[in-house]
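Chemist: Please read through the structure below; I'll follow up with questions.
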Amino acid sequence: MKKPLRKAVFPVAGLGTRFLPATKAMAKEMLPVVDKPLIQYAVEEARAAGIEQFCLITGRGKIALVDHFDVAFELEATLRGRNKEAELRLLADMKMQPGSIVSVRQQEPLGLGHAIWCARAFIGDDPFAILLPDDLVLSDTPCMKQLAEAYAETGGCVVAVTEVPRDQTNKYGILDIGTDDGRLVEVKGLVEKPKPADAPSNLSIIGRYVLMPEVIGFLATMERGAGNEIQLTDGMAKMIGHVPFHGLRYEGTRFDCGDKLGFLEAQIAYALKRPELVSAVRAFLKKYETVT
Ligand code: UTP
């Protein structure tokens, strides 16, 4: 029997070196797209998929991420005193159930696989979702909801996948695929950052996963992989053959907000979705188009 998907982990302990100096004293995952930090998009997406328990995997200097989901009594009192109803509603909407969000410290950023292993007590014997907040997916149905629905069909592990240009496979976790119905693909193998010549396909994993708790045992070996990091991809690859394993071609557009260009593109795409901003944004895009 498939256990329901109720837990999600959010690895946020990376150094964010591609965003220095912005990330020198501030977490990358607190960078806002329009007016909302990346981590909040990820938590809201998980909630929309029926997740009830949340675990942030943090590191040094990442306290703001935990505080962001706490109640801000003084701020609320001040807003109430000023009759700022709309702003109070924003805060009320993001209020978490007491006890539903926890954090663990990774201590040292030894890789994404190590970060997930640090959440082992939270995960226990349950299936769990992983959302990497720096991957933002703009879609009609939230990406994690699409994965949760696929998990309800197939059980086992389900990862969100997308096609990437052949010459860029060395930036991603790449699938070796079996059967493929155009939406769900059977995963036969996984390779982290293969050279284009060695890549078994151009289907890449993005930062949305549903995994079985058995992955923790494989990560516990602390084997180093690509970039001398403890790679989640390597731990996942060891589960193939033991549990059903599928890739889901999700509906939506993904923005890599850990990268400057991806982050800038996300700002524009998300701003164009906001009724109160769209016409002004279109106007200034036109203005800059003509600047040489
Ligand atoms: P990235 O590969 O984007 O690494 O991590 P990074 O350190 O955040 O950024 P750069 O490459 O130095 O600019 C993908 C996700 O995994 C988390 C990151 O916080 C991010 O959400 N991560 C990565 C950890 O939590 N721990 C790690 O040891 C590595």
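The values are calculated or read from the model by the stated rules, or taken from the named source; none is laboratory data. This structure is a prediction, so every number in the text was calculated from the model and none was measured. No Cβ is skipped: glycine too gets one built from the backbone with ideal geometry, and neighbour counts run over all protein chains shown. Calculation scope for accessible area: heavy atoms of the full protein, side chains included, ligands and nucleic acids excluded. Shrake-Rupley method; radii C 1.70, N 1.55, O 1.52, S 1.80 Å.
Chemist: Average the reciprocal distances over every distinct pair of alpha-carbons in the stretch 12-147, invert the result, and give the Kirkwood radius in Å.
Modeler: Radius from the Kirkwood sum: 16.2 Å.
Chemist: In addition: If you count only protein heavy atoms with a 1.4 Å probe, what accessible area per residue comes out for the chain, rounded to a whole Å²?
Modeler: So the chain comes to 51 Å² accessible per residue, rounded to a whole number.
Chemist: What dipole magnitude, in Debye to the nearest 20, does the chain give about its Cα centre under +1 on Lys/Arg Cβ and -1 on Asp/Glu Cβ?
Modeler: Values: 36 positive and 38 negative charges, 118 e Å.
It works out to roughly 560 debye.
Chemist: Ratio to report: Rg/Rh of the chain, with Cα atoms as the point set and Rh obtained by the Kirkwood method; give two decimals.
Modeler: Reported Rg/Rh, Kirkwood definition of Rh: 0.97.
Chemist: By per-residue mean of other Cβ atoms within 10 Å, what is the highest-first order of 49-55, 96-102?
Modeler: The packing order, highest mean first, is 49-55, 96-102.
Chemist: Show me 190-202, 246-258 ranked by packing, highest mean number of other Cβ atoms within 10 Å first.
Modeler: 246-258, 190-202
Chemist: Let me ask another. Would you work out if the stretch 1-63 is rounded, prolate or oblate? Take a ≥ b ≥ c from the square roots of the eigenvalues of the alpha-carbon gyration tensor; rounded if a/c is under 1.5, else prolate when a/b is larger than b/c, oblate otherwise.
Modeler: Here the stretch 1-63 falls in the prolate category.
Chemist: Now for a separate question. Per q in 0.14 Å⁻¹, report the Debye log10 I(q)/I(0) for the stretch 144-256, using one uniform scatterer on each alpha carbon and no solvent.
Modeler: -0.53
Chemist: Just to confirm the number: angle between the C-alpha axis of helix 143-154 and the first principal axis of the chain, 0 to 90 degrees, nearest 10?
Modeler: That helix lies at roughly 30 degrees to the long axis.
Chemist: By how many degrees, 0 to 90 and rounded to 10, does the Cα axis of helix 260-272 deviate from the longest principal axis of the chain?
Modeler: Long axis of 260-272 versus the principal axis of the chain: about 60 degrees.
Chemist: To continue, here is another question. Please give the helix 38-48 orientation as an angle from the longest Cα principal axis of the chain, in degrees from 0 to 90, rounded to the nearest 10.
Modeler: 70 degrees
Chemist: When the Karplus curve 6.51 cos²θ - 1.76 cosθ + 1.60 is applied with θ = phi - 60°, which whole-Hz ³J(HN,Hα) does each residue of the stretch 210-216 get, with x for Gly and Pro?
Modeler: Karplus-based 3J(HN,Hα) across the stretch 210-216 equals 10, 10, 8, x, 4, 4, 4 Hz.
Chemist: Figure the gain on full extension for residue 85 and residue 283 (residue separation times 0.36 nm, minus the Cα-Cα span) and round it to one decimal in nm.
Modeler: Length difference between fully extended and current span is 68.3 nm.
Chemist: Next up: In the neighborhood of residue 225, defined by Cβ-to-Cβ distances under 10 Å, what is the net charge if each Lys or Arg adds +1 and each Asp or Glu adds -1?
Modeler: Around residue 225, the charge tally is -2.
Chemist: Find how many whole Å separate the alpha carbon centroid of the stretch 204-274 from the alpha carbon centroid of the stretch 1-32.
Modeler: Spelled out, the Cα-based centre of one part sits 12 Å from the other.
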